[in-house]
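Each remark here refers to the structure printed beneath this line.
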């Protein structure tokens, strides 16, 4: 994993399943057992690593009205840095009352093969992106239920972030 992929911003806090940051607040589902929170250079709102699955899950948000661009363009931006990308599956899925883009692909990161799943949501002038990154192999399928559990509990929250 790259350190950027494992980053976790320190400007917000997660308490009782609710993240409160400078720009937004949202609820997430539990990530499951065996995941440790990681922090590296303020790259994401939240991130976890599972040593047994060799997997990283990350959550990030950015609130800026000028980011009102198509989900596919946002996905392409998140794929920068990956080489030899091969699309496995892409679909639009319901999420928190909106439509999110869910993209699974394989690629190389620094020459190392990876399996990646991204889910991107735009809501109320904010972009929320979620990622699961593993080496090729069984770790992806093992980590997928934890990633989907986190997504299933996602909802933006009202009030002050």
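FYI, it's all coordinate maths here, none of it is from the lab. Just so we're clear, the structure is a prediction, and the values are computed from it rather than from any experiment. Cβ coordinates were reconstructed from backbone atoms using ideal geometry, including for glycine residues, and neighbour counts include every protein chain displayed.
Semi-axes of the equivalent ellipsoid for segment 49-132, computed as √(5λ) from the eigenvalues of its C-alpha gyration tensor and ordered from largest down, come to 23, 14, 12 Å. Of the three principal axes defined by the Cα atoms of segment 13-156, the extents in descending order read 36, 32, 29 Å.
Mean sequence separation of contacting Cα pairs (under 8 Å, at least six apart), scaled by the length of segment 96-138, corresponds to a relative contact order of 35 percent. By the count of other C-beta atoms within 10 Å, a proxy for reagent exposure, 72, 24, 156 are ordered fewest to most as 72, 156, 24.
Give me 26, 19 sorted ascending by neighbouring Cβ count inside 10 Å, so fewest comes first.
Going from sparsest to densest Cβ surroundings: 19, 26.
Each part reduced to its alpha carbon centroid, segment 14-80 and segment 104-121 end up 15 Å apart. When only Cα pairs below 8 angstrom with a gap of at least 6 residues are kept, the chain shows a relative contact order of 26 percent. Taking other C-beta atoms within 10 Å as the exposure proxy, 92, 102 rank 92, 102 from fewest upward.
Dividing the summed helix terms, -39500 (n - 2.57) for each DSSP H run of n ≥ 4, by the number of residues in the chain produces a 222 nm estimate of -4500 deg cm²/dmol to the nearest 500. Protection proxy ranking for 49-60, 106-117, using the average of other Cβ atoms within 10 Å per residue and placing the highest first: 49-60, 106-117.
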